[in-house]
Each structure stands twice: as C-alpha cells, then as structure tokens.
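Asker: First, the structure itself, so that you have it in front of you.
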Amino acid sequence: MTNQRILRIAVPSIISNITVPLLGLVDVTIVGHLGAASYIGAIAVGGMLFSMIYWIFGFLRMGTGGLTSQAYGRHDLPEVTRLLMRSLSISLLLAFLLLVLQYPIRAVAFLLIDASPEVRTLATRYFQICIWGAPATLGLYSFIGWFIGMQNSRFPMSIAITQNVVNIAASLFFVYALGMKVEGVALGTLTAQYAGLLMACLLWQRYYRSLRKYAVSTQRLFERKAMSSFFRVNRDIFLRTLCLVAVTVFFTSRGAAYGDVVLAVNTLLMQLFTLFSYIMDGFAYAGEALTGKYIGARNYTELRRTVNRLFGWGITLAIAFTLLYSIGGKGFLGLLTNDQAVIEASTEYFYWVLCIPPAGFSAFLLDGICIGATATHYMLRAMAVASAAFFLTYYGLQEQWNNHALWLAFILYLILRGSIQAWLGRKIITARDIDY
C-alpha cells in the first residue's frame with residue numbers, strides 16, 4: 001500500500017512536470033515561423049525573465065504544501081482551510097507588488113541581459129503583457145501546493161494540461177487569426193495562466209466546497225502565531241531558492257566564458273539533468289505530502305516505511321537513468337541538435353552526466369521530506385554549504401580544469417545537498433526536532 005500511495009501522488013506530478021516546458025516550447029515554435037530571429041530571441045529573453053521571477057516565489061507552493069499536509073494528517077480541517085486562504089492572500093499581495101514594481105524590475109533585468117535593440121523592444125512588449133499574469137501564476141502556486149498537501153496531485157496535473165491546451169489554442173488564434181506577433185504569443189500565455197487559475201477555483205468549488213463552513217474572520221486568518229510559522233517556513237525556502245538560482249545562473253554564465261561550443265554542450269547536457277529532475281521531483285512531491293500527513297498524524301511507523309520506500313524508488317531510478325544515459329544519452333543529444341561540432345565536443349564531458357543520477361537523487365527526495373516535515377531550516381543549511389562548496393571548488397580548480405571544474409563543482413554540490421540534509425534530517429524519522 002505504501003508504494004501505491006507514493007505512486008498515486010508521484011505519477012501525476014511527473015506528468016505535470018513534463019508539461020511545464022511545453023508552454024515555452026509552444027511559444028518558441030509559433031514565433032519561430034514568423035520570419036525573424038528577433039522574435040525567438042524576444043520570447044527566450046522574456047520567458048527567462050519570468051522563469052527567474054516566478055522561481056524565486058516557488059516557496060509559496062512548497063511552504064503551503066508542507067503545512068497543509070501536516071494539518072491534513074491531524075484532521076484539522078479549519079486550519080487546512082485557513083492555510084489556503086492565508087497562502088492565497090499572500091500570493092495576491094506579492095503579485096500586486098510585482099505589478100506596481102514592474103517598470104523598475106524590467107529596467108534592472110534588461111541591464112543584466114545583453115540583447116540587441118530589436119530583441120529588447122520585442123521582449124519589453126512581451127513582458128508588459130505577461131506581467132499581468134502574476135496574480136494567476138502566484139495564486140496557482142498556492143492552489144497547487146494546497147492540493148498536494150491534501151494528497152491530491154491529480155488536480156495539478158489536470159490544471160497543467162488545461163493550461164497547455166489553452167495556450168496552444170489562444171496563441172494560434174491571436175497570432176494567425178488576428179495577425180499579432182509577439183503580443184499574440186504573450187496574450188496566449190496570459191490567457192492560459194488565468195484559465196489555469198479558473199480551473200483551480202472550479203475544482204476547489206466542486207470537490208472542497210464543504211470546507212467553506214470553516215471560513216474565519218480576517219483576524220483569525222492572520223493570527224500572529226500562524227503567520228510566524230508560515231513566514232518562517234517560506235523564508236527558509238526563499239533563501240534556499242536564491243542559492244539554487246545563484247548556482248544555476250553561474251553555471252550557465254561561466255559555461256559561456258569558454259566559448260559558444262562549450263556553452264552549447266553544457267546547455268544540452270543539462271537537459272539530461274532536467275529530465276531526471278522532472279522524474280525525481282514527482283517522488284519529492286510524494287515525500288512532501290506523505291511525510292507531512294504522517295507527522296501530522298504522529299504515525300512514525302508509517303513515516304519511516306514511506307521514507308524507506310522513497311529511497312528504494314530513488315536508488316532504482318538513479319541506476320535506471322545512469323544505464324539509460326550511458327546507452328542512449330548521446331542519441332538523445334542528436335535529437336536536440338544536428339551540429340556535429342557540439343555533439344563531438346560533448347564526448348569530453350559526457351561522463352559527468354552519468355554522475356548526476358547517483359549524486360542527485362537523495363537531494364530531491366530529502367527536499368520533499370524536509371518540506372513535509374516543515375524542517376526547512378535543514379534545506380537552507382544544506383543548500384548554503386553545498387553552494388559555498390560549489391563556488392570554492394570551481395574557483396580552486398578552474399585554471400587547471402576549465403569547464404571540467406564547473407561540472408565537478410556541480411556534482412559535488414548535488415552530493416553535499418543530499419548528504420548534509422540526510423545527516424541533519426535524521427531526527428525527522430525518529431520524531432525529534434520536528435516543528436508542529
């Protein structure tokens with residue numbers, strides 16, 4: 001039964017994760033047929049800006065999921081309801097701030113991006129439209145985290161699929177029926193974001209409307225102790241995400257310093273890491289939901305059984321992906337590019353990719369377990385140490401190892417994230433040092 005519970009949450013989450021890049025892929029495909037490279041550049045730049053902005057606010061999903069799963073395990077339906085209302089309120093406040101500050105945010109972002117005047121102009125138009133999707137996107141973070149905390153990953157999957165269908169239909173309509181260009185793609189994305197939020201609201205109304213009786217006053221909703229717990233958890237996740245973003249951005253920027261071919265090789269090889277992360281994140285979501293549930297119910301026997309089964313899945317998937325990449329990884333690169341220079345250059349670095357699954361699987365699983373336990377301070381400490389080790393390793397070896405130093409630093413970073421969290425988080429399954 002434990003494996004069934006894990007897969008019931010993990011499989012829909014994996015499907016949801018796989019659909020995420022489709023939104024950007026559809027946009028690029030449509031503008032790729034408009035006849036100018038600047039359109040593709042504008043979508044790439046605009047998409048990157050929003051990815052970075054929304055990535056930073058990912059704590060809304062994770063924090064809401066961890067706290068909700070514990071309240072669900074305690075059968076505390078009033079608190080379950082308050083958590084969604086609390087998270088949505090904070091999401092809308094943050095979205096309002098993004099809208100108010102959109103002009104300075106855009107100005108600072110373009111200072112950091114080296115783009116041609118034409119791309120900058122088109123990306124600005126894209127940004128000016130898509131920024132109005134902030135309330136929908138951040139609101140969805142709250143809903144998705146809450147659904148996962150309620151042990152329901154089918155609804156996030158349905159929402160993700162709906163967004164992709166609407167995005168394709170709306171973008172094609174605006175671009176080809178109305179003759180728009182970048183603005184049409186942006187409007188398609190915006191429409192899809194609000195379609196996702198609408199569907200989340202309708203699903204909640206259809207299946208969880210009985211919780212409306214637990215609606216409380218604003219004073220109770222924002223009581224000091226509850227808000228302190230909510231912001232403590234989300235503060236740790238926010239700071240941890242900043243470290244993650246710093247490592248990711250640095251990896252890309254330093255790869256560019258070694259030339260276009262090395263940059264292309266690193267980018268393609270990281271797609272294999274991304275594919276693995278989509279799968280492992282599904283099991284991390286399962287760990288998040290089930291860990292919180294069993295901690296809330298104080299069922300530590302089932303908690304330990306679940307953690308053991310999660311790591312059984314993690315080890316199995318790490319072995320499977322290592323074998324898969326060793327056999328077919330280079331063939332997969334051939335699907336992504338026909339540039340023989342890039343494919344040949346990837347041979348020199350390909351063995352680093354084979355290290356990713358065994359080095360990284362525990363970091364993903366323990367992220368989910370720590371979020372479910374609301375032991376987010378463990379995540380932050382592990383990430384801080386791992387990030388520091390990443391930069392120290394790279395700068396200590398860059399002169400001798402060049403791009404290999406970058407990959408070694410990244411593999412070490414993954415290993416340290418998992419091993420430090422395992423050491424710090426060992427108290428979780430022994431029912432010690434858990435925040436309720």
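Derivation of every value follows stated rules applied to the coordinates shown; laboratory data play no part. Since the model is a prediction, treat every value here as computed from it, not as a measurement. In this analysis, Cβ positions are derived from the backbone assuming ideal geometry, glycine residues included, and neighbour counts consider all displayed protein chains.
Asker: Checking the cross-link filter: which lysines have an alpha carbon closer than 26 Å to that of K427, excluding same-chain neighbours under 8 positions apart?
Answerer: Within reach: K225, K293.
Asker: Something else: Taking other Cβ within 10 Å of each residue's Cβ, how do R8, R224 sort, fewest first?
Answerer: If I rank by nearby Cβ atoms, fewest first, I get R224, R8.
Asker: Right, another one. Report ³J(HN,Hα) in whole Hz for each residue of the stretch 41-52, in order, from the Karplus equation J = 6.51 cos²θ - 1.76 cosθ + 1.60 where θ = phi - 60°; Gly and Pro get x.
Answerer: Ordered by residue, 3J(HN,Hα) equals x, 5, 5, 4, 5, x, x, 5, 4, 6, 4, 5 Hz.
Asker: While we're on this one: In which sequence would M180, M379, M1 go, from the one with the fewest C-beta neighbours within 10 Å to the one with the most?
Answerer: M1, M180, M379
Asker: Among the aspartates and glutamates, which have Cα under 15 Å from the Cα of K330 when same-chain residues fewer than 8 positions away are ignored?
Answerer: Reachable aspartates and glutamates: D339, E344, E348.
Asker: Sticking with this one: Tabulate in residue order the Karplus-calculated ³J(HN,Hα) for the stretch 282-299, using 6.51 cos²θ - 1.76 cosθ + 1.60 with θ = phi - 60°, rounded to whole Hz; enter x for Gly and Pro.
Answerer: Calculated HN-Hα couplings, in order: x, 6, 5, 4, 4, x, 4, 5, 6, 4, x, 4, 6, 5, x, 8, 6, 9 Hz.
Asker: How would you rank 79-92, 136-149, 43-56, highest first, on the average number of other Cβ atoms within 10 Å across their residues?
Answerer: 136-149, 79-92, 43-56
Asker: Moving on to the next point. By the gyration tensor of its Cα atoms, with a ≥ b ≥ c the square roots of the eigenvalues, what is the shape of the stretch 228-298: rounded for a/c under 1.5, prolate for a/b over b/c, or oblate?
Answerer: Judged from the Cα gyration tensor, the stretch 228-298 comes out oblate (a/c at least 1.5, b/c at or above a/b).
Asker: Separate question: Just check the stretch 115-179 against the gyration tensor rule for me: Cα atoms, a ≥ b ≥ c as the square roots of the eigenvalues, rounded for a/c under 1.5, and otherwise prolate or oblate depending on whether a/b exceeds b/c.
Answerer: It is oblate, given that a/c is not under 1.5 and a/b is not larger than b/c.
Asker: Roughly how many Å is it from the Cα centre of the stretch 113-148 to that of the stretch 329-397, as a whole number?
Answerer: The stretch 113-148 and the stretch 329-397 have Cα centres spaced 26 Å from each other.
Asker: Right, next: Which residue fluctuates the most in the chain, going by a Gaussian network model with Cα springs under 10 Å, if the choices are I371, I105, I295?
Answerer: In the Gaussian network model the winner is I105.
Asker: In the stretch 289-387, how does Rg compare with the Kirkwood Rh, expressed as the Rg/Rh ratio over alpha carbon atoms?
Answerer: Using Cα coordinates only, the ratio equals 1.14.
Asker: Tell me which of A284, F231, L263 sits at the most positive position along the dipole axis of the stretch 229-436, charges placed on C-beta atoms (Lys, Arg +1; Asp, Glu -1).
Answerer: F231
Asker: Okay, moving on. Viscosity 1.306 mPa s, temperature 10 °C: Stokes-Einstein D of the chain from its Kirkwood Cα radius, in µm² per second?
Answerer: 70 µm²/s
Asker: Between T393, T376, V182, whose Cα lies farthest towards the positive end of the dipole of the chain when Lys and Arg beta carbons carry +1 and Asp and Glu beta carbons carry -1, centred on the Cα centre?
Answerer: T376
Asker: OK, next. Give me the base-10 log of I(q)/I(0) for the stretch 60-211 at each q in 0.19 Å⁻¹, Debye formula, one uniform scatterer per Cα, rounded to two decimals.
Answerer: Computed log10 I(q)/I(0) values: -1.12.
Asker: With θ set to phi - 60° and the Karplus curve 6.51 cos²θ - 1.76 cosθ + 1.60, what are the ³J(HN,Hα) couplings of the stretch 221-230 in order, to the nearest whole Hz, using x for Gly and Pro?
Answerer: Result, ordered by residue: 5, 10, 4, 4, 5, 5, 5, 4, 5, 4 Hz.
Asker: Give, rounded to the nearest 20 debye, the magnitude of the charge dipole that the chain has about its Cα centre when Lys and Arg contribute +1 at Cβ and Asp and Glu contribute -1 at Cβ.
Answerer: Here the size comes out at about 1980 debye.
Asker: Another question, if that's okay. Can you find, among N402, Y349, T306, the residue farthest towards the positive end of the dipole of the chain? Put +1 on the C-beta of Lys and Arg, -1 on that of Asp and Glu.
Answerer: The residue sitting most towards the positive pole is T306.
Asker: Here's something else I'd like to know. If you build a Gaussian network model of the chain, linking Cα atoms that sit under 10 Å apart, which residue out of G334, G292, G65 swings the most?
Answerer: G334
Asker: Order of I327, I237, I369 from fewest to most other C-beta atoms within 10 Å?
Answerer: Ordered from fewest to most neighbouring Cβ atoms within 10 Å, I327, I237, I369 come out as I327, I237, I369.
Asker: For the stretch 229-436, what class follows from the C-alpha gyration tensor (a ≥ b ≥ c being the square roots of its eigenvalues): rounded when a/c is under 1.5, otherwise prolate if a/b is larger than b/c, else oblate?
Answerer: prolate
Asker: Sorted by mean Cβ packing within 10 Å, highest first, what order do the peptides 168-175, 313-320, 262-269 take?
Answerer: The packing order, highest mean first, is 262-269, 168-175, 313-320.
Asker: As an exercise, find the ratio Rg/Rh for the stretch 352-436 from alpha-carbon atoms, using the Kirkwood inverse-distance average for Rh.
Answerer: With Rg and the Kirkwood Rh in hand, the quotient comes to 1.07.
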